[in-house]
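S.K.: Pasting in a structure now, in structure tokens, and then I'll have a few things to ask.
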Amino acid sequence: MALPLFTRTRPVPVIESDPEPWSEIGETWMPEGITVVERYWNQANAVVLVYSGDESCYYHVVTCLGCHFNVAHDPDGSRDHRLTLNDAGRVANEHATTCRALSRTIPDRPNDDDARDQLRKTVLGCQLRDKDAEIHLSAFDLGRLTLQRTNGWIETELQQLAADRPDLVVAQTSYGTPKNYFVLPRPEELRG
Ligand SMILES: [Zn+2]
């Protein structure tokens with residue numbers, strides 16, 4: 001008799017200092033900069049992660065280590081909002097019950113140059129055509145599993161980018177401390 005689906009998609013709360021390997025893949029990987037809150041298993045035993053990059057762990061991302069499913073918003077178009085834990089759990093469970101992709105290897109932590117490249121691409125992805133665009137830390141949510149850096153690292157790099165490329169990134173300071181970051185629109189001559 002087939003096992004009911006819910007036995008394959010159980011959430012397992014993860015304790016941050018948990019040294020136990022993930023039973024399903026024997027890994028002890030704890031990606032830097034994010035908190036893995038729940039794990040689900042797809043139909044081929046690949047892990048579907050629910051993680052948060054927020055310090056408060058309020059918003060979540062669902063990502064599948066089998067296929068390329070990676071969402072920070074509800075894929076149900078009628079609910080265009082970031083994922084609370086309840087929503088993320090539902091989305092992860094729905095994905096896990098239908099995905100049959102085999103588990104991929106866990107991404108290696110990139111070196112600083114590669115991580116900076118990824119950060120710059122994300123910043124450019126925020127760029128608007130005709131006005132400044134604020135860069136929120138949430139812009140990095142979807143890439144956190146490959147970036148594997150802390151929020152502090154991201155902010156330091158944004159400050160550096162603002163110092164190196166004032167034509168691209170501006171840091172708005174509050175009492176002398178960088179607070180908000182904006183990416184400037186592309187100059188007219190670079191537009192395609
Ligand atoms: Zn999947």
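No value in this document is a laboratory result; all are computed from the given coordinates. Everything numeric in this text was worked out from a predicted model, so none of it was measured. Cβ sites come from the backbone with ideal geometry, for glycine too, and all protein chains shown count toward neighbours.
S.K.: Given the Cα-Cα distance of Asp76 and Thr98 and 0.36 nm per residue of separation, how much length would full extension add, in nm?
M.R.: Gain on extension, Asp76 to Thr98, equals 6.4 nm.
S.K.: Shifting gears a bit: What percentages make up the Cα-Cα pair-distance distribution of the range 80-139 when the bins are 10 Å wide from 0?
M.R.: Each 10 Å bin holds this share of Cα pairs: 16, 26, 37, 20, 1.
S.K.: So how compact is the range 28-143: Cα radius of gyration and Dmax in angstrom?
M.R.: 15.0, 46
S.K.: Out of the range 118-192, which trypsin sites (Lys or Arg not before Pro) are coil in DSSP terms and have no more than 16 other C-beta atoms within 10 Å?
M.R.: Passing both the DSSP loop test and the Cβ count: Arg129, Lys131, Arg191.
S.K.: From largest to smallest, what semi-axes in whole angstrom does the range 94-192 give when each is the square root of 5 times an eigenvalue of its alpha carbon gyration tensor?
M.R.: Working through the eigenvalues yields semi-axes of 29, 17, 13 Å.
S.K.: Which net charge results for the neighbourhood of Ala92, defined as the other residues with beta-carbon distances under 9 angstrom from its beta-carbon, given Lys and Arg at +1 and Asp and Glu at -1?
M.R.: Net of charged neighbours comes to 0.
S.K.: Moving on. Taking only C-alpha pairs under 8 Å that are 6+ residues apart, what is the relative contact order of the range 27-154 in percent?
M.R.: Normalised by residue count, the contact order of the range 27-154 is 27 percent.
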